[in-house]
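> Attaching a single structure in structure tokens format; questions to follow.
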Amino acid sequence: MSQPLWSSGVLYNQTGLVWASKTITKGTKMSAHVSLSYKKKKDPAIIPFAQGVHDGLAANATLFNNLPVTLVALLAAIADFTAKYNASRKGSQAQIEAKDASRIALEDLLNQLAAYVEGKAQGNADTIRLAGFEPVTHAYSPSVAPAKPDKFGVVNAAAGKVQIKPTMQPNIHSVQVEYRTNNGTWTSAGGFTDSRKIFVTNLTPGTLFDFHIAFVGGGNTTSEWSDLVTHMVA
């Protein structure tokens, strides 16, 4: 399936393009898109945002029919995250981890709804707002490679397993990770699209490893490799 190429306010002039399973005809404008900036909201801020999405979809149920996520499920996810967020504020590590897992589940529902609204709106910012989401417009600009990553954390997660904790930049699509021992050849651990789930496994316990990372941004542009971090694997 062909993917649409667009820039803000530019008319489609190609045939055969598809947007959210709908054929795009000559003259169709795609000047606004659903913003995914809610992923960067602080924990307290995503709660009213998600509630606003629920309320917007509920108030405009005729327009937003056949949702991929039921409003009951969204409301339950909001309530679950709210309770776990409140418990984690002065809670244990287990409660913090439960809150983080609940947020991931809530974001997953919002992601499904965002994709659905994107298809319904077809570039109409007012339709996006009706659903409780925020519109964003984009003008074309050349892709610029991300900056070299700052120093990152490496922590033991289990025997022979570590977690990489980078300081993220805006508009990063994935994080590349490599490791080595004894100044040997670098081995790729792969690319990770979720910065909260970067785990390197099958490492030899009791061994010093060097790690470095690189960011992949728009247009598959890649940053320089970071400075290395040396860590003893448990």
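> For the condition buried (at least 16 other Cβ atoms within 10 Å of the Cβ) and touching a residue at least 12 places away in the same chain (Cβ under 8 Å), what is the one hit in Ala234, Ala214, Ala159, Ala147?
Ala214
> Turning to a different aspect of this structure: Taking Val144, is it modelled with pLDDT of 95 or more and aliphatic (A, V, I, L, M)? Show your work before the answer.
Values: modelled with pLDDT of 95 or more: no; aliphatic (A, V, I, L, M): yes.
No, not satisfied.
> I want to confirm something. Restricting to segment 63-85 and keeping residues that are closer than 14 Å to Glu107 by Cβ and of a type in the set (Gly, Ala, Ser), which single residue is surrounded by the fewest Cβ atoms within 10 Å (Cβ to Cβ)?
Result: Ala73.
> Still on this structure, I have one more. Let me confirm something: among Asp108, Asp80, which residue is more than 23 Å from Met168 (Cβ to Cβ) and acidic (Asp, Glu)?
On the way: Asp108 fails: more than 23 Å from Met168 (Cβ to Cβ).
Every option except Asp80 fails the conditions.
> Filter segment 169-201 down to residues that are farther than 14 Å from Trp225 by Cα, within 14 Å of the chain's Cα centre (by Cα) and aliphatic (A, V, I, L, M) and give me whichever is modelled with the highest pLDDT.
Filtering first and then ranking leaves Ile198.
> Give me a count of the residues in segment 84-103 that are small (Gly, Ala, Ser) and within 23 Å of the chain's Cα centre (by Cα).
Looking only at that region, the number is 4.
> Further question: Failed condition for Ala50, given (1) at pLDDT 70 or above; (2) closer than 14 Å to Glu118 by Cβ; (3) out of contact with any Ser or Thr (no Cβ under 8 Å at 6 or more places or on another chain), with all others met?
The number of the failed condition is (2).
> Please work out which one of (1) more than 20 Å from Lys39 (Cβ to Cβ); (2) among the aromatic types (Phe, Trp, Tyr); (3) touching a residue at least 60 places away in the same chain (Cβ under 8 Å) is the condition Phe209 fails and give its number.
(3)
> Would you check which residues across segment 69-90 are touching a helix residue (DSSP H, G or I) at 6+ places or on another chain (Cβ under 8 Å) and either of a type outside the set (A, V, I, L, M, F, W, C) or on the phi > 0 side of the Ramachandran plot (or both) and list them?
Passing the criteria: Asp80, Thr82, Lys84, Tyr85, Ser88.
> Return the residues of segment 179-199 that are charged (D, E, K, R) and farther than 16 Å from Asp100 by Cβ; say none if nothing qualifies.
If the condition is that a residue be charged (D, E, K, R) and farther than 16 Å from Asp100 by Cβ, then Arg180 is the only one that fits.
> May I pose another question? When Arg129 is evaluated against the numbered criteria (1) more than 30 Å from Leu203 (Cα to Cα); (2) outside the structural domain of Ala59 (by TED's automatic domain parsing), which criterion, by number, is the only one it fails?
It is condition (2) that Arg129 fails.
> Might you check whether a residue that is part of a loop (DSSP other than H, G, I, E, B), closer than 30 Å to Gly56 by Cβ and not acidic (Asp, Glu) occurs anywhere in segment 172-186? Explain how you work it out, then say what you get.
Restricting attention to segment 172-186, the residues satisfying the condition of being part of a loop (DSSP other than H, G, I, E, B) are 172-173, 181-186.
This time we only want the ones that are closer than 30 Å to Gly56 by Cβ, so: 172-173.
Add one more test, that the residue is not acidic (Asp, Glu), and what stays is 172-173.
Yes, segment 172-186 contains a residue that is part of a loop (DSSP other than H, G, I, E, B), closer than 30 Å to Gly56 by Cβ and not acidic (Asp, Glu).
> Just need a number here: residues in segment 132-168 that are under 20 Å from the mean Cα position of the chain (by Cα), in a loop (DSSP other than H, G, I, E, B), within 30 Å of Ala50 (Cβ to Cβ) and among the aliphatic types (A, V, I, L, M).
So the count comes out to 1.
The values are calculated or read from the model by the stated rules, or taken from the named source; none is laboratory data. Bear in mind the structure is a predicted one, so any value in this text is a computation, not a measurement. Note: ideal-geometry Cβ built from the backbone for every residue, glycine included; neighbour counts use all protein chains shown.
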